[in-house]
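Data first, discussion second: the structure below is written as structure tokens.
The values are calculated or read from the model by the stated rules, or taken from the named source; none is laboratory data. The shown structure was predicted, so the numbers you read here are calculated from the model rather than taken from an experiment. When we count neighbours, we look across all protein chains shown, and the Cβ atoms used for this are built from the backbone with ideal geometry, even at glycine. Ligands, DNA and RNA are stripped out before the accessible areas are found, and what is left, the full protein with its side chains, is counted by its heavy atoms. Shrake-Rupley method; radii C 1.70, N 1.55, O 1.52, S 1.80 Å.
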Amino acid sequence: IDLQQRQIQRGNFDLSHQTSLNYDLFLSFYNDFGLITIGGFYKEIGEADFVRSSRVTPITPGLGEESASFNGFELIQPENATENSIVQGIEVDLQTTLSSLPAPWNGFIFSANASFIKSETFYPVVVFASNPSRPINTERVGQFTGQPNQVFNFSIGYEKGGFSGRISMIHQGRTFGEGGQAGERLGGLDAQVQQAAILDQFVERTTRVDLAIKQKVYKNTLLFFNFNNITNQEEVLINRAEDILQRERFGFTMDLGLQYKF
């Protein structure tokens, strides 16, 4: 309990385990040129958990006799969604080589993957009715926590004579919440689920590019070089009004080394 910030953070021993029921249907077609797969999925997720930010009201449970003195405080705690959540979408995957072409083109390989996703869940909120004035527990519909609406992967490479090289790109659409563990907060995903939808927070779209190269130098010995996050993609936290709340840059990493396989 932070009296200065008028904030309460607490756990929730009544939090239920999240469950999932999945239906998937995929078809694959292949020949000498490669493989293409297309399919769809539908998931029902029960008791989805997240970290909720709300205000203490007279109907807030678990604060005991002192609840009146905390009225209006911000309350941060993990909770379960009030109804089953739905995640559904389609996915297309393509993998191909140019091995049927003459040298040097027969060393090229290519892969691409695209997922288009729609999600829905129900978050508890408190609204205030009039005549008489009173708080009422209800819910609102929102995007599933940590779930983007689009994910694209693209990779082009070359393999020949002991050499293997790949340059890859991954694009992730706007994601509700930070999509990771809550860190300092207590349990669940740090979804930043607010009392009003306009205050919800999202991670903006990101596009990351990586490079990986390997070269066989002697029998079981490989020389490798990895260059990750070439474009130094930043992570931007925004609200529904697209105001920028936070920017983070993690920089790029490079690895150079020898690998020996026994």
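Take the Cβ atoms of ALA103 and ILE167, set R0 to 25 Å, and the FRET efficiency comes out at 0.75. Modelled label positions at PHE225 and ILE198, each set 7 Å beyond Cα in the direction of Cβ, lie 5.3 nm from each other.
Of the solvent-accessible surface of segment 1-160, computed with a 1.4 Å probe over protein heavy atoms with every protein chain present, carbon and sulfur atoms account for 56 percent.
Under 5 Å between amide H atoms, partner at least 5 residues away or on a different chain: which partners does LEU15 have, H built in plane at 1.01 Å? Correct list: empty.
Please give the length that would be gained between ILE136 and LYS118 if that part of the chain were fully extended, namely 0.36 nm times their separation in residues minus their C-alpha to C-alpha distance (nm, one decimal).
3.6 nm
Taking each residue as 0.36 nm, the span from LEU245 to TYR218 lengthens on full extension beyond its C-alpha to C-alpha distance by 4.6 nm. Taking amide hydrogens as placed 1.01 Å from N in the peptide plane, the amide H of ARG240 sits under 5 Å from those of ASP200, each at least 5 positions away in sequence or on another chain.
Solvent exposure of segment 71-144, expressed per residue, is 51 Å² of accessible area, with all protein chains present and a 1.4 angstrom probe. The number of Lys pairs in the chain with C-alpha atoms less than 30 Å apart, excluding pairs fewer than 8 positions apart on the same chain, is 8. Based on protein heavy atoms only, segment 198-237 ends up with 57 Å² per residue of surface accessible to a 1.4 Å probe. Using 0.36 nm per residue and subtracting the Cα-Cα separation, the extra length available between TYR30 and GLN88 on full extension is 18.3 nm. Scalar couplings 3J(HN,Hα) for segment 10-23, obtained by applying the Karplus form with A = 6.51, B = -1.76, C = 1.60 to θ = phi - 60°, are 8, x, 8, 6, 8, 4, 8, 5, 7, 10, 9, 10, 10, 10 Hz; x denotes Gly and Pro. Normalised by residue number, the volume inside the convex hull of the Cα atoms of the chain is 188 Å³ per residue.
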